[in-house]
Ligand SMILES: [Zn+2]
Ligand SMILES: [Zn+2]
């Protein structure tokens, strides 16, 4: 089925699908502007199939007229026609659920992408308030990942605690199977070593150390997938000693949910709760962009 709707009507079905309509209205307005930008940038992706945008997360989630809500409708109306612009073109206003406390550079997550000047990783907290400044040394970063400090998206009122900080223990055999499917044969799994992180702390290079071969995986997106669909690429990993030479399991603990590039949706809610308006929220997550009305 294809819905033929104008952009503003489309957004009424996008905003409450991508962000709970109960979020503060300034966060909903930021979502409306970001969503409008995505509509313009992504329109045409499905041209060959006979439509502009699909209704799933590939483009952005569109729940149709039945999901419309008065609060999100207001956010769409009050930002009518507004998009973010970078050097006269509509900015690719990517957003994700929960950055875990620091957003990421687009090229650290998607290897091979051109760095977008407005998609730079930035702290999702007040540096003076927390006394923290990225990049963090290894020990400090691991503490940051383990114990959730008071970052904007550490907001149990707006997110499940398990999306803010999470952890898992995977038996070696299970992780071996997952990795093998993604990267091919490497023998027995001796270690998963983080070789490099972006300044934001996002893992961008991992070595899968096998008994027969060492395999590198690069870029947050591929690393998340290779390790079995991690909640984010903002994590640390440690082998658990087994009885013999081989590790018995691997512990992975991490922060946030999603790709961490662009606006942090829960962080936007946290900032709106502190009294920030949507323009200030957008300026924080998309540095250097301007809000412009297209119509
Ligand atoms: Zn799509
Ligand atoms: Zn965040």
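Data for the structure
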{"read-out": "Sole exception among (1) over 29 Å from residue 145 (Cα atoms); (2) within 16 Å of ligand 2 (Cβ to nearest atom) for residue 101, by number", "value": "(1)"}
{"read-out": "Which numbered condition residue 135 misses (of (1) assigned to a helix (DSSP H, G or I); (2) touching a residue at least 24 places away in the same chain (Cβ under 8 Å))", "value": "(1)"}
{"read-out": "Unique residue being within 16 Å of ligand 2 (Cβ to nearest atom), modelled with pLDDT of 95 or more and either within 20 Å of residue 289 (Cβ to Cβ) or outside the structural domain of residue 204 (by TED's automatic domain parsing) (or both) when the list is 119, 84", "value": "119"}
{"read-out": "Verdict on residue 108 being crowded, with 16+ Cβ neighbours inside 10 Å, more than 20 Å from residue 43 (Cβ to Cβ) and modelled with pLDDT of 95 or more", "value": "yes"}
{"read-out": "Any chance residue 238 is assigned to a helix (DSSP H, G or I) and surrounded by fewer than 21 Cβ atoms within 10 Å (Cβ to Cβ)", "value": "no"}
{"read-out": "Filter pass, residue 111 being in a strand (DSSP E or B) and away from ligand 2 (no atom under 14 Å from the Cβ)", "value": "no"}
{"read-out": "Hits in the range 21-51 (condition: in a loop (DSSP other than H, G, I, E, B) and either touching a residue at least 12 places away in the same chain (Cβ under 8 Å) or touching a strand residue (DSSP E or B) at 6+ places or on another chain (Cβ under 7 Å) (or both))", "value": "21, 22, 23, 24, 45, 46, 50, 51"}
{"read-out": "Matching entry among 66, 74 (being over 27 Å from residue 280 (Cβ atoms) and either away from ligand 1 (no atom under 16 Å from the Cβ) or assigned to a helix (DSSP H, G or I) (or both))", "value": "66"}
{"read-out": "One residue from 38, 31 being at pLDDT 95 or above, away from ligand 2 (no atom under 16 Å from the Cβ) and surrounded by 15 or more Cβ atoms within 10 Å (Cβ to Cβ)", "value": "38"}
{"read-out": "Inter-residue pairs, beta-carbon under 8 Å, first under 18 Å from residue 102 (Cβ atoms) and modelled with pLDDT of 95 or more and in the range 266-288, second within 16 Å of ligand 1 (Cβ to nearest atom) and outside any loop (DSSP other than H, G, I, E, B), 6+ apart", "value": "285/95"}
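A quick yes/no check of all residues on (1) within 16 Å of ligand 1 (Cβ to nearest atom); (2) part of a loop (DSSP other than H, G, I, E, B); (3) touching a residue at least 12 places away in the same chain (Cβ under 8 Å):
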site: 168; (1), (2), (3): no, no, yes
site: 177; (1), (2), (3): no, no, no
site: 194; (1), (2), (3): no, no, yes
site: 200; (1), (2), (3): no, yes, yes
site: 228; (1), (2), (3): no, yes, yes
site: 242; (1), (2), (3): no, yes, yes
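The values are calculated or read from the model by the stated rules, or taken from the named source; none is laboratory data. Values in this document were obtained by computation on a predicted structure and should not be read as measured data. Reconstructed Cβ throughout: ideal geometry from the backbone, glycine too, with neighbour counts over all protein chains shown.
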